[in-house]
Amino acid sequence: MHEENSLNETLKVVIVGHVDHGKSTLIGRIMYDLGQIKDGKYDELVSVSKKRGETFEWAYLMDSFQTERNQGITIDTTQTFFKTQKRNYILIDAPGHKEFLRNMITGASSADIATLIVDVNEGVKEQTKKHGYLLKLLGLSKVIVVINKMDKVSYNKDYFLKVKNEITNYLNLLSVDINQIIPISAREGENIYKKSKKMPWYSGYNVIEAFDKHNLGSISKNLPLRLPVQDIYKINDKRIIVGKIESGEISSGDEVFFSPSSSAAYIKSIEVWGSKKDHAFHGECIGLTIDDEIFVERGNIISTKKSPPKLVNNFEANIFWLSDQALEVGKNYLIRITSGEYRVKIEGIKKIINTNDLSHKINKKVLKNEVAEVTLYSQFIIPVDDFSDNAATSRFSIIENFNVVGGGIINSKNYPDQREKNIEGNKNIVPTNFAISETDRTLKLKHRPGIIWFTGLSGSGKSTIAKEIEKRLFFKGYNIFILDGDNLRLGLNKDLNFSPEDRMENIRRTSEVAALFANAGFLVIAALISPYKSERKKARSIRPEIFREVYIKSSIEKCLERDVKGLYAKAKRGKIKYFTGLSAPYEEPDEPDLILNTEKKKINPVVKELERFIVKEFGIL
Ligand code: GDP
């Protein structure tokens, strides 16, 4: 046995790879080499195998050190504990059966180190690639690769290099960082715990060294504080907020910020098992008391005020799907991000990815074992990070009927932060009542005021239709005016670009102006791409009773073909950042008040249809 390790740190290791490439053997061997098998167990199993005329398998040892078997409904992940001089480890074994992938998500999503095992004889197989891809999706982007069964190729360096090349090429394609590539023989114990004498040409770490050298601390430590609230305990009068620090650190007395509520408080104490401490770091499970009775619930994210997570109700995700029942657009699922659970709707499927060669296709469904890029929508605001910023707070599992049916990572870069701006300064403003009411204006102008909000892709026909309807109704006596997105961007909105936040501000200002025009009695046509559902919803909320959403519908292919302004061509050449439909999302309305299909119909009948609609809704009295 080893001396006690000095660090009280436990890292989770997951071993994945193609069936029969040697996962169980490697685990058995690690345990044996580290002296963590019960006395006599090994000899006993060897002699039993001999008696039966079978070859001894290291995997047989598994039963003897299985300390915990997680018997969830579908989960069958074995956890094995071992310790080195440096620290404690939990080996998560996701067995290589049918439900391998499912086990892997639940097993690997919380793992700190991923080990990908490849049989030197077989090389990189389809499953090796899929697992490599999934590790990336799970945020385990620093992988230790072990090339196993070197004994079978007489420890020949060339065989190793060939497979090393193969796996390096693939992982590079995925931008997965390779920590180490180690030639091993799990069965013979070469390069597991000791440097192999059989492979003098290899001078890197052995497997245990690679685990011990793996330094995840520096990554999470430098990230902003993220402490998802796991639970809230009431002990007498004390409220203790409990959770695991996923990244960053906190100290007693710090001001902390809660998302999504955006409320702040100071830390009164940090408590661990009844005793108090001044500081706590990433990886630690702690309890907190704060100086304020603010509302806190499970799933909230504690951060600093300066670097909070993003609040979104819309985002893209790379997901993998494990259920026999296909994932479909329009369906609702429960997702779990850290400790929070949220109901989300599948807005769209952008592409299905072939993990073998990373090519992709378009489909309306995601089938079992497929990997896809999808867009999701939640009724409620969710605090998240973008995957490139913080893996822990941006990966999620998808749950249906209490089963994990998929998982993924969040890409929120293209979506605006929904956090309300600080509006403290506006508290003392009292609005003036107008002397002339809207009814007065309606009676004079002989039509009701209204906001007709056009949404649709660039090139779908918004401006053309707007101009036509303006002419027709103006000459019929309507007070009508167009707020055109492009025109506004030359004046009122000229300080805004096309980033998600600026698009959000663009819509906010335009909807406020539209509401002012409506107050003045006008029928306003707002013609803006307005790609986000959430923003259109906000625009509607200013004057919901007179707001009508009109979807100017045309497929992206048709808009590309028209390309009236030559913008699609430019965007395709990479000259325009955030171009809707190509490099930025467009979310179709769920229930627009009117859909005008410009793909199939000519402009005239479309405008007539719109005219009938407007006259019916706001018509001349
Ligand atoms: P798993 O499906 O990935 O868990 O693979 P196993 O650990 O069950 O191994 C599959 C087979 O490969 C077993 O018969 C092992 O004895 C054999 N095996 C595993 N590692 C080695 C090795 O290093 N050398 C040789 N020759 N055979 C190995």
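The values are calculated or read from the model by the stated rules, or taken from the named source; none is laboratory data. All figures in this text were calculated on a predicted structure; none of them were measured in a lab. Here the Cβ positions follow ideal geometry from the backbone for every residue, glycine too, while neighbour counts run over all protein chains shown. Heavy atoms of the whole protein, side chains included, go into the accessibility calculation; ligands, DNA and RNA do not. Shrake-Rupley method; radii C 1.70, N 1.55, O 1.52, S 1.80 Å.
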Picking from Ser530, Ser534, which residue would you name as being within 18 Å of Pro416 (Cα to Cα) and either touching an Asp or Glu at 6+ places or on another chain (Cβ under 7 Å) or at pLDDT below 90 (or both)? Ser534
Please specify each residue of the stretch 543-567 satisfying the condition of being surrounded by fewer than 20 Cβ atoms within 10 Å (Cβ to Cβ), in a helix (DSSP H, G or I) and in contact (Cβ under 8 Å) with a residue 24 or more places away in the chain. Ile556, Lys558, Leu560, Arg562, Leu567
Cβ-Cβ under 7 Å, sequence separation 6+ or interchain: first residue in the stretch 578-602 and over 19 Å from Arg548 (Cα atoms), partner assigned to a strand (DSSP E or B) and open to solvent by 50 Å² or more (accessible area, probe 1.4 Å). Which pairs? Glu599/Lys553
Residue list for the stretch 126-144, restricted to those being under 17 Å from Ile181 (Cα atoms) and within 14 Å of the ligand (Cβ to nearest atom): Thr128, His131
Residue set Phe475, Phe481, Phe454, Phe434; condition closer than 21 Å to Gly521 by Cβ and under 35 Å from the mean Cα position of the chain (by Cα); output residue Phe454
Only one of (1) assigned to a loop (DSSP other than H, G, I, E, B); (2) hydrophobic (A, V, I, L, M, F, W, C); (3) under 23 Å from the mean Cα position of the chain (by Cα) fails for Val124. Which number is that? (3)
Of the residues in the stretch 504-528 that are within 19 Å of Asn313 (Cα to Cα) and of a type in the set (A, V, I, L, M, F, W, C), the one that is surrounded by the fewest Cβ atoms within 10 Å (Cβ to Cβ) is Met504
Arg29: passes all of (1) touching a residue at least 24 places away in the same chain (Cβ under 8 Å); (2) basic (Lys, Arg); (3) more than 9 Å from the ligand (Cβ to nearest atom) but (3)
Residue under evaluation Thr355, criteria (1) under 30 Å from Gly283 (Cα atoms); (2) open to solvent by less than 20 Å² (accessible area, probe 1.4 Å); (3) modelled with pLDDT under 90, criterion not met: (1)
Quick one: how many residues across the stretch 382-399 are open to solvent by less than 60 Å² (accessible area, probe 1.4 Å) and at pLDDT below 90? 10
Failed item, numbered, when Arg540 is tested on (1) within 26 Å of Ile480 (Cβ to Cβ); (2) without any contact (Cβ under 8 Å) to a residue 24 or more places away in the chain: (2)
Is at least one residue of the stretch 193-205 closer than 27 Å to Trp273 by Cβ and either among the hydrophobic types (A, V, I, L, M, F, W, C) or in contact with a strand residue (DSSP E or B) (Cβ under 6 Å, 6 or more places away or on another chain) (or both)? no
Given the structure, is Leu34 modelled with pLDDT of 85 or more and open to solvent by less than 30 Å² (accessible area, probe 1.4 Å)? yes
Quick one: is Phe481 more than 25 Å from Asp417 (Cα to Cα), open to solvent by 30 Å² or more (accessible area, probe 1.4 Å) and in a strand (DSSP E or B)? yes
